[in-house]
Each structure stands twice: as structure tokens, then as C-alpha cells.
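Bear in mind these aren't lab numbers, they're just calculated from the coordinates by the rules spelled out. Computed from a prediction, not measured in an experiment: that's the story for all the values here. Cβ: placed from backbone, ideal geometry, glycine included. Neighbour counts: every protein chain shown.
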Amino acid sequence: MGTGALAETEKDLLAALQRGDEAAFLSLVNQHHSAMLRVCRLFVNDLAAAEEVVQDTWLAALESLHRFEGRSSLKTWLYAILTNKAKTRGVRESRSLPFSALEAEPAVDPERFHPKGQAWAGHWAEKPRPWERVLESQALSNELLAHVQAAIENLPESQRTVISLRDIEGWTSAEVCNILDLSETNQRVLLHRARSKVRRALEVYFDAKAGRT
Amino acid sequence: MKADTPLTCKEIVELVTDYLEGSLPDEQRALFEAHLAACRGCRTYLEQMRQTIALTGRLTEEWLTPEAEQVLLNAYKDWKNMPEG
């Protein structure tokens, strides 16, 4: 990211794209499709409309591909085109991203800790129970992954986008901050809230599996 | 919170992401690790956050439909045949 020169592999990729390498183009399109849809849906509610915006982004990118000199990363360039198009298209344009960042939202139910004024105030009253044994018995079952997916879908939009880009798409925090125009602190708060809620949903699931509720 | 006050479990669970992101200042990081060394509940909690991240990472991404891929490939072929500029 940033303003430095492109990494070697990106230079090769850009050169391949500019000389018309169809396989390189398809691999780039597929690599970014899912993340582009996620970013786009921050601005565009409707999935079909978001898919059109992603499509338009590629067409616009092709129009200026010959002129792209690699002063920013390909990713920064692509997502700048995408967010411009998405904002123009978006009915929800007026919304700014970190809307849920500032309300207090504890990571864990306060009831799980000893109350103020008591011995051990703020320490676990009901400790989390390790997941290893349940995880071993049904590691990566479809049911478990569906549960994770559902927990993520239930998150507020900004939290869902940040956790998806970081933990599913594998973006760095710098990339998320840069492309979504978030401060590092807000990015971390959104990620923290999101991961904490997904952990909580898994805890409910695992405790039920282990026969305790 | 004062720099030399030990952290409570309730504070630890709010610092987990900062810890995993490597963004805790040195002093707080030392307090965090000191608490962890003495508290099994918080070690379990941290491990669960790592497991949560790993499980999230196993979710599959949405793929382009073959039709959409074909539209883009055709656009790219057209682009190749256009004069530069």
C-alpha cells in the first residue's frame, strides 16, 4: 500500500495485464470479487446492484489500465474506483462508516464477572470453558461453519465488513483503514466488537454441544 | 487506569484485540501478560479468540458466476483489441 513503488510480483502482474494476459486478468478478477462485493455493499444495499457496480468497476479499470503507472498498489487503485462508483450508485451514500463504533458494547456479558465492591471484583465469576475437546470431535463440520457464518451475518454492517475483510479475505489493518477510510482506532474497535460477538456465538454453540447450557 | 494497577479479567477481554494486533503500549502489554500468566480463565478466553479468528478464516468467499466471468473476459478481449489511450 502507500505511495511506494509496486512490489516485484505486482509489477509482473501489472505488466501481464497490460500486455493482455487473459489468465492474469481472470485470476485478478476472481481474487478480488468477494472483497469488492463486501466493500460495495457498505454503500449499495441491493446485491444485484452491487454486482453491477463491481462489474462497472472492472470496465472502468480497463479504460484506464494503459495509463496506470503503479504509483499506488493495484489494490488501492481498484478499490478507489470501486468506492467512487459505489458511492455514486448508493442510496445509502449519506451513511458514514464507523456509525456503531462509539456506543459502549462490552465484549463479554458483565454478569460473567464478580461485581464491584466484592472480593475479586472484575474477575471471572463464570470462567470460559475450553473448546478443544468439542473442536476435536467436530472440527470444521459444515454445521459449525454455518454457525460462524450466521454470527457474522448478524453483525452490524460496519463490523461485518471489517471482520470479513480482515479474517476471511486476509487484508491487513492498513489496507482496511486505507480503503474504508477508517482510523486505526476505529478499525480496531469494529474488529474487536465483531470478533467478540462471534466468539460469544461460538461459546453458546460449543456449550450446547458439550451438553451444558 | 494507572500504569501499575493490575488488570481485571473484565479489562483483559476488552484488550484482547489490541493485544493480538500488537497495538498495546509496552507497559500495558506487560500488565496484560502478567495477568494472563496468573489467570487460566483469561488464557482460555484468549485461546477462544484465536480459535474464533481461525474458524472465521475457514469460511468460503463468494465466487463470480461463470456468466459474469465470461462478460468480464469478453470486455478484456475487447480492451486488448482497442488502440492504446
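On a 0 to 90° scale, report how tilted helix A:22-40 is relative to the longest principal axis of chain A, with both axes built from alpha carbons and the result rounded to the nearest 10. Between the helix axis and the principal axis of chain A, the angle is about 50 degrees.
Return the ratio Rg/(2.2 N^0.38 Å) for region A:8-92, where Rg is computed over Cα atoms only.
Numbers: Rg = 12.9 Å, N = 85, 2.2 N^0.38 = 11.9 Å.
Here the answer is 1.09, to two decimals.
Computed from Cα atoms, the angle from the helix A:47-65 axis to the main principal axis of chain A rounds to 40 degrees.
Counting helices only, and only those DSSP H runs with n ≥ 4, report the 222 nm mean residue ellipticity of chain A as the sum of -39,500 (n - 2.57) divided by its residues, in deg cm²/dmol to the nearest 500.
Here the helix-only value at 222 nm equals -18500 deg cm²/dmol.
Relative to the longest principal axis of the Cα atoms of chain B, helix B:66-81 runs at roughly 60 degrees.
Here is the link list: A:85/A:197; A:11/B:77; A:127/A:197; A:11/A:75. Which ones come out longer than 23 Å on Cα distance?
Over 23 Å Cα-Cα: A:85/A:197.
The Cys residues in the protein assembly as shown with no partner Cys Cβ within less than 4.7 Å of their Cβ are A:40, A:177, B:9. Both radii were evaluated on the Cα set of region B:9-81; the Rg over Rh quotient, with Rh as the Kirkwood radius, amounts to 1.41.
Take each residue in A:49-58, count the other chain C-beta atoms within 10 Å of its C-beta, and the mean is 2. Pairs of Cα atoms in the protein assembly as shown fall into 10 Å distance bins, from 0 up to the last occupied one, in shares of 6, 24, 29, 21, 13, 6, 1, 0 percent. Distance between the pseudo-spin-label points of residue B:61 and residue B:73 (7 Å out from Cα toward the beta carbon): 1.9 nm.
Provide the gained length on full extension for the span residue A:210 to residue A:10, in nm with one decimal, where the gain is 0.36 nm per separating residue minus the Cα-Cα distance.
Numbers: separation 200, 0.36 × 200 = 72.00 nm, distance 4.75 nm.
Full extension from residue A:210 to residue A:10 adds 67.3 nm.
Please work out the Cα center distance from region B:16-85 to region A:168-213, rounded to the nearest Å. The distance from the Cα centre of region B:16-85 to that of region A:168-213 comes to 9 Å.
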